[in-house]
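Engineer: My structure is below; once you've seen it, I'll send some questions.
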Amino acid sequence: MARRNKIYEGKAKILYEGPEPGTMVQYFKDDATAFNAEKRDVIEGKGVLNNLLSEFFMTGLGQIGVPTHFIKRINMREQLIRAVEIIPLEVVVRNVAAGSMSKRLGIEEGTQLPRPIIEFYFKDDALGDPLVTEDQILAFNWASHQDLDDMVGLAVRVNDFMSGVMMAVGIKLVDFKIEIGRQFDGEMQRLIVADEISPDSCRLWDMKTGQKLDKDVFRRDLGSLTDAYSEVARRLGVMPKSPTPISKPKLMN
């Protein structure tokens, strides 16, 4: 597919104008960041693995009726997606205490939560993506009451699906983050799962050993991030048939 106009570049992905109105091309980079981009590196093959894994999860969600922005994978690093207006909130679902929750509340990491807990974070890198309340979301008009209800409903369904898929391959879904966008059809709109679902946006632990198979490997210097992501892809059956495609890409202008 010919390269089109760049719309947006983030820490891990680039969005380009799509071939048809209402579409975009999402390109997965090899860049890895942590601690609000204070720690950075380029991890060869990471973009390919995240593209394949996000395709797997988005396709599975679509098959059970959860609407997503995913249309199809174009190649090893690009997806064709629906254009949406991203709601400026990260929706985090926690099944096990870890990360910022453990630090914030003094709960030992690895503690099973009595039920899934859903949190909202305001998307603003300059502010460090702060935790926000539903009252704040409504007061600043980031989302409506109905939006919040729909977002929670989507998050619960994604959690049910992801937990089951991961459990089947011996991986515990500790927590994950999704972004949700508004898709417009004339005056009608619906909320759909957008961005990506990959080990970049999840905490994944081996159920027997507790080994981390997510971006905490990079955050905490626990070994090879590519090996961790490859293990997730291997268990789910989505590893590339040849190692060649995950070599370092040549970015087009």
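Engineer: Scan the stretch 79-96 residue by residue and report those that are part of a loop (DSSP other than H, G, I, E, B) and either buried (at least 22 other Cβ atoms within 10 Å of the Cβ) or of a type in the set (Phe, Trp, Tyr) (or both). It would help to see each step written out before you state the result.
Structural biologist: Going through the stretch 79-96, the residues part of a loop (DSSP other than H, G, I, E, B) turn out to be 83-84.
Listed by number, the list holds a single entry, 84.
Engineer: Sticking with this structure for a sec: Can you find a residue in the stretch 100-115 that is in contact with a strand residue (DSSP E or B) (Cβ under 8 Å, 6 or more places away or on another chain), surrounded by 15 or more Cβ atoms within 10 Å (Cβ to Cβ), modelled with pLDDT of 95 or more and part of a loop (DSSP other than H, G, I, E, B)?
Structural biologist: no
Engineer: Return yes when residue 89 is in the same structural domain as residue 157 (by TED's automatic domain parsing) and out of contact with any Pro (no Cβ under 8 Å at 6 or more places or on another chain) and no when it is not. So that I can check it myself, show each step before the final result.
Structural biologist: Values: in the same structural domain as residue 157 (by TED's automatic domain parsing): yes; out of contact with any Pro (no Cβ under 8 Å at 6 or more places or on another chain): yes.
For residue 89, the condition - in the same structural domain as residue 157 (by TED's automatic domain parsing) and out of contact with any Pro (no Cβ under 8 Å at 6 or more places or on another chain) - is met.
Engineer: Then there's this: Within the stretch 5-59, which strands (runs of 3 or more DSSP E) (wholly inside it) include 1 or more residues that are touching a residue at least 60 places away in the same chain (Cβ under 8 Å) and within 14 Å of the chain's Cα centre (by Cα)?
Structural biologist: Passing ranges, in order: 13-17, 23-28, 31-34.
Engineer: Look through the stretch 24-70, keep the residues that are in contact with an Asp or Glu (Cβ under 9 Å, 6 or more places away or on another chain) and basic (Lys, Arg), and return whichever of them is surrounded by the most Cβ atoms within 10 Å (Cβ to Cβ).
Structural biologist: 46
Engineer: For residue 196, are the conditions met, namely being of a type in the set (Asp, Glu) and touching a Ser or Thr at 6+ places or on another chain (Cβ under 6 Å)? Quick ask: steps written out before the conclusion?
Structural biologist: Numbers: of a type in the set (Asp, Glu): yes; touching a Ser or Thr at 6+ places or on another chain (Cβ under 6 Å): yes.
Spelling it out, residue 196 is indeed of a type in the set (Asp, Glu) and touching a Ser or Thr at 6+ places or on another chain (Cβ under 6 Å).
Engineer: If the requirement is being crowded, with 17+ Cβ neighbours inside 10 Å, touching a helix residue (DSSP H, G or I) at 6+ places or on another chain (Cβ under 8 Å) and assigned to a strand (DSSP E or B), which of these qualifies: 120, 161?
Structural biologist: One residue alone meets the criteria, 120.
A quick yes/no check of all residues on (1) outside the structural domain of residue 13 (by TED's automatic domain parsing); (2) of a type in the set (Gly, Ala, Ser):
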{"site": "70", "(1), (2)": "no, no"}
{"site": "105", "(1), (2)": "yes, no"}
{"site": "135", "(1), (2)": "yes, no"}
{"site": "140", "(1), (2)": "yes, no"}
{"site": "181", "(1), (2)": "yes, yes"}
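Engineer: Let me ask another. Residue 21 fails exactly one of the following numbered conditions: (1) surrounded by fewer than 18 Cβ atoms within 10 Å (Cβ to Cβ); (2) in contact with a Lys or Arg (Cβ under 8 Å, 6 or more places away or on another chain); (3) over 26 Å from residue 149 (Cβ atoms); (4) not β-branched (Val, Ile, Thr). What is the number of that condition?
Structural biologist: Evaluating residue 21 over (1) surrounded by fewer than 18 Cβ atoms within 10 Å (Cβ to Cβ); (2) in contact with a Lys or Arg (Cβ under 8 Å, 6 or more places away or on another chain); (3) over 26 Å from residue 149 (Cβ atoms); (4) not β-branched (Val, Ile, Thr) leaves (2) as the failure.
The values are calculated or read from the model by the stated rules, or taken from the named source; none is laboratory data. Predicted model, so just to flag it, every value in this text is computed and none were measured. Glycine also receives a Cβ, built like all others from the backbone with ideal geometry; neighbour counts cover every protein chain displayed.
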